[in-house]
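Q: Can you read through this structure? Questions will come right after.
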Amino acid sequence: MKKIFRILPLVYFMGLAIFWFLENYMATGTINYIALAVLLGLSIELFYNNKIVGLLTGSAMSLFSAYMLLAMLSDVFKGGAFNPNMVPFLVFGTSLFGVGLLMGIILIMYQTKQSVRQNN
């Protein structure tokens with residue numbers, strides 16, 4: 001069970017990176033090297049499990065997810081009146097970035113617990 005909590009956030013972010021790469025490739029036909037670099041970095045972290053890189057990855061993904069969640073919410077409420085057509089956008093964005101924020105926090109918690117266990 002503990003191994004699942006270590007792997008699950010990385011697999012989630014790897015899935016998002018794969019989706020990002022495929023969406024960009026299917027829409028424009030160009031290769032997104034940034035998405036490939038993110039996927040490669042997450043794959044290396046999955047296999048080597050370095051605690052400092054894990055903390056940095058979890059922090060970066062948490063901050064990015066929180067930023068995108070707030071940006072999405074500001075876009076929804078920027079128009080003034082609430083439009084019922086925004087509900088699918090709001091549900092999808094909140095669930096995507098909310099889960100991303102949760103996964104980043106889980107990754108940080110796992111890495112800090114792992115470093116505390118190694119120090120004791």
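The values are calculated or read from the model by the stated rules, or taken from the named source; none is laboratory data. The structure displayed is predicted, hence computed values, not measured ones. All Cβ positions, glycine included, derive from the backbone under ideal geometry; neighbour counts span all protein chains shown. Quick note on the areas: whole protein, heavy atoms, side chains included, nothing else; ligands and nucleic acids left out. Shrake-Rupley method; radii C 1.70, N 1.55, O 1.52, S 1.80 Å.
Q: Which members of region 20-30 meet the condition of being open to solvent by 80 Å² or more (accessible area, probe 1.4 Å) and either in contact with a helix residue (DSSP H, G or I) (Cβ under 6 Å, 6 or more places away or on another chain) or part of a loop (DSSP other than H, G, I, E, B) (or both)?
A: Passing the criteria: only Trp20.
Q: Now for a separate question. Search region 70-102 for residues being open to solvent by 90 Å² or more (accessible area, probe 1.4 Å) and modelled with pLDDT under 90, and hand back the single one that is farthest from Leu16 (Cα to Cα).
A: Once the filter is applied, the top-ranked residue is Phe82.
Q: Being more than 26 Å from Leu56 (Cβ to Cβ) and aliphatic (A, V, I, L, M) is the filter here, so list the residues in region 85-104 that pass it.
A: Filtering region 85-104 down to residues more than 26 Å from Leu56 (Cβ to Cβ) leaves 85-92.
Within region 85-104, Met86, Val87, Leu90, Val91 qualify.
Q: Checking Gln111 against (1) in a helix (DSSP H, G or I); (2) open to solvent by 80 Å² or more (accessible area, probe 1.4 Å); (3) modelled with pLDDT under 85: exactly one of these is not met. Which one?
A: It is condition (2) that Gln111 fails.
Q: In addition: Going by the structure shown, is Ser62 of a type in the set (Ser, Thr, Tyr) and within 17 Å of Val11 (Cβ to Cβ)? Reasoning before the result, please.
A: On the way: of a type in the set (Ser, Thr, Tyr): yes; within 17 Å of Val11 (Cβ to Cβ): yes.
When the stated conditions are applied, Ser62 passes them.
Q: Name the single residue, out of those in region 31-63 being modelled with pLDDT of 90 or more and not in a helix (DSSP H, G or I), that is surrounded by the most Cβ atoms within 10 Å (Cβ to Cβ).
A: Step by step, filter region 31-63, then rank; the result is Asn32.
Q: Might you let me know whether region 7-19 holds any residue that is farther than 24 Å from Thr94 by Cα and part of a helix (DSSP H, G or I)? Outline the logic, then answer.
A: Restricting attention to region 7-19, the residues satisfying the condition of being farther than 24 Å from Thr94 by Cα are none.
Within region 7-19, not a single residue is farther than 24 Å from Thr94 by Cα and part of a helix (DSSP H, G or I).
Q: Out of all the residues in region 81-90, is one or more touching a residue at least 24 places away in the same chain (Cβ under 8 Å) and assigned to a helix (DSSP H, G or I)?
A: Of all residues in region 81-90, those touching a residue at least 24 places away in the same chain (Cβ under 8 Å) come to none.
Checking region 81-90: not a single residue is touching a residue at least 24 places away in the same chain (Cβ under 8 Å) and assigned to a helix (DSSP H, G or I).
Q: Let me ask you something else. Which of the residues spanning region 53-89 are small (Gly, Ala, Ser) and closer than 12 Å to Gly100 by Cβ?
A: As a first pass, look at region 53-89 and keep what is small (Gly, Ala, Ser): 54, 58-60, 62, 65-66, 71, 74, 79-81.
Selection gives Gly58, Ala60, Ser62, Ser65, Ala66.
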